[in-house]
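Report on the following structure.
The values are calculated or read from the model by the stated rules, or taken from the named source; none is laboratory data. None of the values given here were measured: they were computed from a predicted structure. A quick note on method: Cβ atoms are made from the backbone with ideal geometry, for glycine too, and the neighbour counts reach across all protein chains shown.
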Amino acid sequence: MSSASARISGDRPMSVSATAAPAWWDPDIDDRLICRAVLTETADVKTFVFEAPGGRRFAYAPGQFANFEVECGGGVETRSYTLASAPTRPDRVAITVKRIPGGIVSNHLHDRLKPGDAIKVQLPLGDFSTARHPAPKYLFLAAGVGATPLMSMLRAEDDLAGGADIVFVNVARRPEELVFRRELEAIAARNRTVRLAHVVTGEGAEPWAGHRGRPTRATIEAIAPDFRTREIFVCGPDGFMASVRGVLAEAGFDMARHHEESFTFGADAAAEAAAAPVDPAEKTWRITFTRSGKVVLCDGTTPILTAARKAGVVLPSSCTKGLCGTCKSKKLDGEVEMKHSGGIRPREIEAGQVLLCCSRPRSDVTIER
């Protein structure tokens, strides 16, 4: 394990099934963590390392996330962050957070959270994990801080020396924005079952001779020629995941072995979408809201809820990830692609209902709002 990971864990690796642990975190009782370290990963990404009071240890599956309650902006904000740490080192947990322009919570964490501070948390949560989908061979595709859950899985596998064949594709706009770059390179250098490929989509201060552009079928085949035989995990911005999903489907990959998770949740996700430039190559559609009479433009990679917020349209919402159903609305016309997490019933979909937080337009759309 690299020195960066050692600083996160602060202990030698152990199996999560070990019986020597003094006490374990009880999610029904425990709800407070103490920050022990803040590590800088890139110019706008930091890792926050936590311990539980009383030395309690943590049991979770690699890739799971936690809900953090953060006191900031005159109130309490809840955000979901993936645990970047590995359950094989159970004394500490860590999250890796990107500073989002205009993001209330991410900026508060970057600017104010320091060692010794306490924070409320609910953990662990989620099913995005190799523990849920064991396989002899994996392909991890990560963009930006979307590398976080995949790093947790890789760290755990590296500690356990389980022998799984892992190809890790790490994508960023510029070389200096490659999250976990040094640790990934260290793991790949010493672990013969791990292969690493960095991919850069733009120009940066560092000259780059490696892979460029969003992963295409040709790129994936060059990096992992046997990708069709691997269990594939993907995490990153919605546009990145949609692109990978399309490439895999077109290549005839068995999508039952494809697993993905967005790393952006809540209001910070909306802030990121508002701050990010729209790719001019993406098709833009008109979204009409019949009750308010407002019309907004939305490209095919952006959720309708995000585009509406950017345009000042006020709509009910809560979780922003397809779970709660608060943003459920009647679609009167048009086509959308909706990937939800259980917040809408099949009969509601048949009746024309959609969740605006996870629906992306595939034509001009009319919404009864």
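Key figures
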quantity: Listing of strands (runs of 3 or more DSSP E) fully contained in segment 282-369 that carry 1 or more residues being at pLDDT below 90 and of a type outside the set (Lys, Arg); calculated: 284-289
quantity: Inter-residue pairs, beta-carbon under 7 Å, first modelled with pLDDT under 95 and in segment 178-207, second surrounded by fewer than 18 Cβ atoms within 10 Å (Cβ to Cβ) and among the acidic types (Asp, Glu), 6+ apart; calculated: Gly204/Glu176; Ala205/Glu176; Glu206/Glu176
quantity: Residue list for segment 100-120, restricted to those being modelled with pLDDT of 95 or more and more than 11 Å from Val70 (Cβ to Cβ); calculated: His110, Asp111, Lys114, Pro115, Gly116, Ala118
quantity: Failed criterion for Ala276 (all others in (1) modelled with pLDDT of 85 or more; (2) closer than 30 Å to Leu150 by Cα; (3) not hydroxyl-bearing (Ser, Thr, Tyr) hold); calculated: (1)
quantity: Matching strands (runs of 3 or more DSSP E) fully within segment 98-184 where at least 3 residues are within 17 Å of Ala224 (Cβ to Cβ), in contact with a helix residue (DSSP H, G or I) (Cβ under 7 Å, 6 or more places away or on another chain) and in the same structural domain as Leu196 (by TED's automatic domain parsing); calculated: 137-143, 165-172
quantity: Selected residue (only one of Ala94, Ala142 is crowded, with 24+ Cβ neighbours inside 10 Å and under 19 Å from Pro237 (Cβ atoms)); calculated: Ala142
quantity: Selection count, segment 341-369, where residues are among the small types (Gly, Ala, Ser) and crowded, with 19+ Cβ neighbours inside 10 Å; calculated: 2
quantity: Filter result for Val167 (more than 15 Å from the chain's Cα centre (by Cα), touching a residue at least 24 places away in the same chain (Cβ under 8 Å), closer than 22 Å to Ala209 by Cα and surrounded by fewer than 24 Cβ atoms within 10 Å (Cβ to Cβ)); calculated: yes
quantity: Selection status of Ala242, part of a helix (DSSP H, G or I) and either at pLDDT below 95 or β-branched (Val, Ile, Thr) (or both); calculated: yes
quantity: Qualifying positions in segment 30-66 - farther than 21 Å from Gly116 by Cβ and assigned to a loop (DSSP other than H, G, I, E, B); calculated: Ala43, Asp44, Ala59, Tyr60, Ala61, Pro62, Gly63, Gln64
quantity: Thr40 being modelled with pLDDT of 90 or more and not acidic (Asp, Glu); calculated: yes
